Amino acid sequence: MKIVTLDGPSGSGKGTVGRLLARELNFNYLDSGLLYRAVAILVIENCIALSEVNNIEGIARNMNLEFSSENNKIFLDGIDVSNSIRTEEISIVSSKVAQLKSVRAILHEIQRGYLKGNGLIADGRDMGTVIFPDADLKIFITASPEARAYRRHKELLGRGESVSLRDLERSIASRDRSDSERKISPLVPAVDAIIIDTSNMTVEEVKDKIVKHYRAT
Ligand code: DC
């Protein structure tokens, strides 16, 4: 089975590109960030402190996250979380949850479970380095912090969440730091990854470029 990994920071455009790629190649799609976000939702809902690692492990092990590819809805333990899972609050808490080694180990197994069908587009931070080190093609997508904050701002506004661009730039820079500098599975390109800077590219251009690389594998 073919595996294409798509790693990079938030706002780099990998989510949109990943979905387009999965459709074009008729592959499964794993948005691994959603798993960390789902744990964050349950941590907040159950008023669990980030120091209560055992409880967080239990949440990660027992949660039931489902996707409906027909209408792009996301269900967590049967409840529609399609909107709430992408809020800024969840972005911030999920970045903290992602620093817990044992939680990452539990999610590691869940992520490997997405290997089904023709192939897999795996989107995240450590897909090419840790989860699927033998992938057929590894892409690391990046974009300037300004371009990423602008895209995220547009996305949040589209969903009725008003956050200032300046605050978003700060929040993105701080999450970049914690995602890149953490000891376990930091956000770094795999040594054999192809790096694409999408700051001045459209989603279609990025997708076409990756398909070209894929066809050449
Ligand atoms: O891609 P995203 O913004 O939805 O990810 C949410 C958080 O989860 C982000 O702060 C980094 C973390 N994450 C991770 O550590 N490893 C992954 N494979 C995916 C996401």
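Residue-by-condition table, conditions (1) within 22 Å of I74 (Cα to Cα); (2) modelled with pLDDT of 95 or more:
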residue	(1), (2)
V4	no, yes
P9	yes, no
G18	yes, yes
E45	yes, yes
V53	no, yes
(request) Could you please find all residues in segment 32-50 being more than 7 Å from the ligand (Cβ to nearest atom) and closer than 18 Å to E88 by Cβ? (result) A38, V39, A40, I41, L42, V43, I44, E45, L50
(request) Would you mind stating whether G13 is closer than 22 Å to D208 by Cα, touching a helix residue (DSSP H, G or I) at 6+ places or on another chain (Cβ under 8 Å) and not acidic (D, E)? (result) yes
(request) Mind listing just one residue for me: the one in segment 122-157 that is away from the ligand (no atom under 13 Å from the Cβ) and within 14 Å of the chain's Cα centre (by Cα) and, of those, surrounded by the fewest Cβ atoms within 10 Å (Cβ to Cβ)? (result) T142
(request) Among the residues of segment 16-55, write down those that are more than 18 Å from the chain's Cα centre (by Cα) and under 29 Å from I141 (Cβ atoms). (result) E24, L25, N26, V43, I44, L50
(message) When you scan segment 165-187, do you find a residue that is in contact (Cβ under 8 Å) with a residue 40 or more places away in the chain, closer than 19 Å to S95 by Cα, out of contact with any Asp or Glu (no Cβ under 8 Å at 6 or more places or on another chain) and assigned to a loop (DSSP other than H, G, I, E, B), even just one?
(response) yes
(request) Could you list all residues from segment 97-128 that are at pLDDT 95 or above and among the hydroxyl-bearing types (S, T, Y)? (result) S102
(request) Could you tell me whether any residue of segment 23-39 is of a type in the set (V, I, T), within 22 Å of R177 (Cα to Cα), in a helix (DSSP H, G or I) and touching a residue at least 40 places away in the same chain (Cβ under 8 Å)? (result) yes
(request) Taking I195 as meeting all but one of (1) outside any strand (DSSP E or B); (2) farther than 21 Å from I85 by Cα; (3) not basic (K, R), write down the number of the exception. (result) (1)
(request) Have a look at I90, I110 and point out the one that is of a type outside the set (G, A, S), under 15 Å from R175 (Cβ atoms) and within 13 Å of the ligand (Cβ to nearest atom). (result) I90
(request) Identify the single condition in (1) more than 13 Å from the ligand (Cβ to nearest atom); (2) in contact with a helix residue (DSSP H, G or I) (Cβ under 6 Å, 6 or more places away or on another chain) that N26 does not satisfy, given that it satisfies every other one. (result) (2)
(message) more than 15 Å from S94 (Cα to Cα) and within 16 Å of the ligand (Cβ to nearest atom): which single residue out of G13, G58 fits that description?
(response) G13
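The values are calculated or read from the model by the stated rules, or taken from the named source; none is laboratory data. Source: prediction; values computed, not measured. Every residue, glycine among them, receives a Cβ derived from its backbone with ideal geometry; neighbour counts consider all protein chains shown.
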